Amino acid sequence: MPWTLSLFLAITATAAAAPPSPESVLGFRPGADRQLADWTQIVDYFHRLDAASDRVQVEEVGRTTEDRPFLVAVITSEKNMARLEEIRRANLRLADPRGLSPEEAERLIAAGKVIVGVNHGIHSDEVAATQTAMETAYALASGDTPEIREILDSTVVVMIPSHNPDGTQRVTEWYRRTLGTPWEGHDPPFLYQKYTGHDNNRDWYMFTQRESRLTLKGLYDPWRPQIVHDLHQMGARAARLFAPPYVDPWEPNIDSALIAAVSALGTHVAARLTSEGHKGVAVDAIYDAWSPSRAYPHTHGGVRLLTESAEARMATPIEVPFENLEPGIGYDPRVRSWNFPNPWPGGAWSLRDIVDDQRAATRAILGHAARNREYWLRTFYEVNRRATLRSDPFAFVVPAQQKDPLATAKLLEVLRLGGVEVHRARTPFAIDGRTVAAGSWVVLMTQPYSAFAKSLLERQRYPDIRPFPGAPAQRPYDVTAHTLPLLLGVDVTAVPAPFTADLEPVTQVAVVPGAVTGRGPWLAIGHRTGDLVALGRLLRARVPVRWATAEFTDGGRRFPAGTLLVPASARARLLDMARELGIVAHAVAVAPPALVLRAPRVGLYQSWVAAIDEGWTRFVFEQQMGVDYQTLHDRDIQAGGLRDRFDTIVLPSQSPNATVTGHLPGTMPDEYAGGLGPKGVQELKAFAEAGGTLVALDAAARLAVRELGLGVRDALAEERAPSASGTGGRRAAAGDFYCPGALLGVLTTPDPLTAGMDESAAIWFEDSPAFETETGKVLARYAQTNPLLSGWLLGERKLFGKAALVEAPLGRGRVVLFGFRPQYRAQSWATYAPLLNAVYTSALVTRSR
Ligand SMILES: [Zn+2]
């Protein structure tokens, strides 16, 4: 070849080996005004970086909910990369120090690397982080400064460029669509994670979503990071950047050293950014560290370093006048203070500003990790070591005999996914003179992630924090309870004193198989979650299941009203499901009075003001319980004729104002503007009057009570009055009553709708209504004593004697009012039954079609 060409090739070969800058691939610099790279472009960039750099290794760890690639990028020095597996294994050894000698631990600490996870873009409308990810990765791949060298040598960065690639793609496409319109940069009219929207970062113990599990698979399980930087954005009128310390309270099981460590690290981030001239950095404000739903690392030996940047209008710059800045918990962005030393003067604010702050924050974190390598590894080791010595309680015991075997398996699965060791007793054993059956499970506290298990298995006592006596209580940032045994309806006992038992480790959690017993024309099943999953499948298969309308006895056994009767012709099918789902079916010889169930025609309302509870309802129906449904938008409801098409319409929890008014005209494209309106409300009323079942969940029940003339009133309406936003969110505690997310106890009434619930049941209450009724059936009621089971409740007397679940007649139909979240974040399995019962009983007929 001519020398000119070979020289050209040599030059291009060298050039190709240099890591490409984001700008060279995208054609614009990340953070540029009105420009966003979408997920396809970001994936392309990371693969090119991988190809060009020996410091970067990109892996697709799986596919997302909507089948996009989920990436993890590992970035470290070339030298570390060559022995990456050895570094990873050494870190896992420190994660579980049982059997590790102090000398061996010291050797591992001396040679180890700090593992730093960086999680970008979990909230997809907080658009900056995924753009920042490319700049951070490029800086690490191409940089040659002493600081970059030190970071690469002393740390392994495990980067998730987007935690929610579906949302990154869809929100970017939406944003591009809004450019040049009056709604440029407006939030989209859909949830940016298919089922959970903004709640996708409240999934860190239940792991319901694929992205949560992919993060376990790609980051937490293989790497056990000491630090995870979680990048978010907050309102435009706040500080420019928040970093820890978090405000109180902390989840009480988190090791003290981690509280100190994240406080030191966050303060370092703030100090360094302030030193470099970044303005408006706050610490010790707004965000607390109570709920494990948002902070997986804190119960796994590491710290979650949350940063929250002030938002722009997505990639569109905004102006924020200084006087428009608003105070938050622990600081005032207009006042200089120790935890906010350099106030931002107001003015223009853009995506570029956010990217600059985020990049600087990640660099500060990595710099701290590198320079304090031994400190981070020793803290990790000590925290994990102390966890293995936990002695109070000695263990939690999950008896083999449970009302709901499927929910029990779910509880154990959650623990296993959280890295908790679970044991099973080979033989019966004794605790306090009581015998515990063989097959029962034991969760010993002497293990590395006992803080995770303990926080989820015990009841929470949220502290009442007031700046001075008599002051209003400080509101929590999030909900206040996370007790899985109550949420799932599983019997679990804490055992304080040591005991002996013949235990084997459980590697794969399996449901305790059920059985079909006896012979007879009908097979009776109940309403626990396994039964209800089976019912969904039987109806899909057009098996004519019957619903007993009255209590009956057969062969000396008593069956309550609502018992489901499966024809014996479906025995083989039911037997398979009994094994899989833990159902126990009894054959019955008599044919009690019963109605025939057919698959209900379900409409599920979806507002264009995207409601998270709608997504969760969809998830529970579609992915867990097998309920077919049709999504209904405002116009579908306004079109009327609903009774001809539906047996049940479900209104997920959403503020009445958002539901009825929707987006104001001119603030969104026409097809998304306006809400249900008076016409839609009228059609819902007509639907129920014509014999339909309208199910109103939580905040939606307030709409039903207000608009439908049911003879039911919300006894807490006035308590809610000070909240202008009407979002049902966690407003400041101003009134006498306050309960922003807790587990409360109610007493149920035997009824088809409460079949499968215990006489005293735990419900999820979150700024919910409580009913006083003139007409209608009260199916669950608060007693005359404090109903708090776990979390926080102020002014409990307001609930005494009030109703939590009401079936209100309306014309020939009914409205089922839920004063709680029966399907809360797909966690409250214990109260799925009343929701599904309401749906299924809407389609009862006297004979098979
Ligand atoms: Zn966020």
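The values are calculated or read from the model by the stated rules, or taken from the named source; none is laboratory data. This one's a predicted model, so the numbers in the text were calculated from it and none came from an experiment. No Cβ is skipped: glycine too gets one built from the backbone with ideal geometry, and neighbour counts run over all protein chains shown. Protein only, heavy atoms only, side chains kept; ligands, DNA and RNA dropped before computing areas. Shrake-Rupley method; radii C 1.70, N 1.55, O 1.52, S 1.80 Å.
Accessible surface of V74, taken over heavy atoms with a 1.4 Å probe and every protein chain present, rounds to 10 Å².
For region 161-245, the per residue solvent-accessible surface stands at 24 Å², with DNA, RNA and ligands left out and a 1.4 Å probe. Restricting attention to the chain, close to 65% of DSSP beta bridges with both partner residues there are antiparallel. Using the Cα coordinates of region 499-640, the gyration tensor eigenvalues translate into equivalent-ellipsoid semi-axes of 32, 24, 13 Å, sorted from longest to shortest. Within the accessible surface of region 100-244, defined with a 1.4 Å probe on protein heavy atoms only, the carbon and sulfur portion equals 52 percent.
What separates the Cα centres of region 675-708 and region 440-458 is a distance of 44 Å. Distance between the 7 Å Cα→Cβ label points at N786 and R519: 5.8 nm. Accessible-area rank, largest first, for F800, F646: F800, F646, with all protein chains present and a 1.4 angstrom probe.
Atom-type composition of the exposed protein surface of region 483-603 places 54 percent of the accessible area on carbon and sulfur (1.4 angstrom probe). When the pairs K777/K802; K403/K802; K79/K113 are compared against a 18 Å limit on Cα-Cα distance, K403/K802 fall above it.
With the radius of gyration and the Kirkwood radius both derived from the Cα set of the chain, what is their ratio Rg to Rh? Could the numbers behind the result be given before it?
Values: Rg = 28.2 Å, Rh = 28.7 Å.
That ratio equals 0.98.
Based on protein heavy atoms only, region 782-849 ends up with 32 Å² per residue of surface accessible to a 1.4 Å probe.
Quick one: accessible area per residue over region 324-440, 1.4 Å probe, rounded to a whole number of Å²?
41
In straight-distance terms, cross-link reach from K194 covers every one of the lysines whose alpha-carbon lies under 27 Å from its own, apart from those fewer than eight places away in the same chain; here that gives K217, K410.
The share of accessible area on region 248-375 that comes from carbon and sulfur is 51 percent, using a 1.4 angstrom probe.
Per the Kirkwood definition applied to all pairs of different Cα atoms, how many angstroms is the hydrodynamic radius of region 54-124?
14.5
Here region 213-253 is scanned for amide nitrogen atoms under 16 Å from the site 7 Å beyond the Cα of E85 along Cα-to-Cβ, giving 222-223. Dipole orientation for region 329-379: of the candidates V355, P333, W376, W376 has the Cα lying most toward the positive pole (charges on Cβ; Lys, Arg +1; Asp, Glu -1). Here region 355-369 is scanned for amide nitrogen atoms under 13 Å from the site 7 Å beyond the Cα of E276 along Cα-to-Cβ, giving 355-368. Using R0 = 22 Å, the C-beta based FRET efficiency linking D736 and D248 works out to 0.40. Stretching the chain fully between T553 and Y375 yields a gain of 57.3 nm (0.36 nm per residue, less the alpha carbon separation). A full extension of the chain between R466 and A510 corresponds to an added length of 11.3 nm, given 0.36 nm per residue minus the alpha carbon distance.
For the pair R645 and E689, the difference between a 0.36 nm per residue extended length and the Cα-Cα distance amounts to 14.4 nm. Please determine, in degrees from 0 to 90 and to the nearest 10, the orientation of helix 3-17 with respect to the longest principal axis defined by the Cα atoms of the chain, where the helix direction is its Cα long axis. Value to nearest ten degrees: 50.
Between the helical axis of 405-417 and the longest alpha-carbon principal axis of the chain there is an angle of about 10 degrees. Between helix 84-95 and the chain there is an angle of about 60 degrees, using the helix long axis and the longest principal axis of the Cα atoms.
Based on C-alpha pairs under 8 angstrom that are at least 6 apart in sequence, the chain has a relative contact order of 10 percent. Remark: accessible surface ordering of Y375, Y477, Y449 (largest first) is Y375, Y477, Y449, probe radius 1.4 Å. Residues of region 488-512 with the amide nitrogen closer than 12 Å to a label point 7 Å from the Cα of A430, along Cα-to-Cβ, please. Within reach of a label on A430, which here means backbone N under 12 Å from a point 7 Å along Cα→Cβ, region 488-512 contributes 500. If you sort K79, K410 by accessible surface, 1.4 Å probe, largest first, the order is K79, K410. Taking 7 Å steps out from each Cα toward its Cβ at Q623 and R797 produces label points 4.4 nm apart. With the simple model of a label 7 Å out from the Cα in the direction of the Cβ, E104 to E60 spans 4.0 nm.
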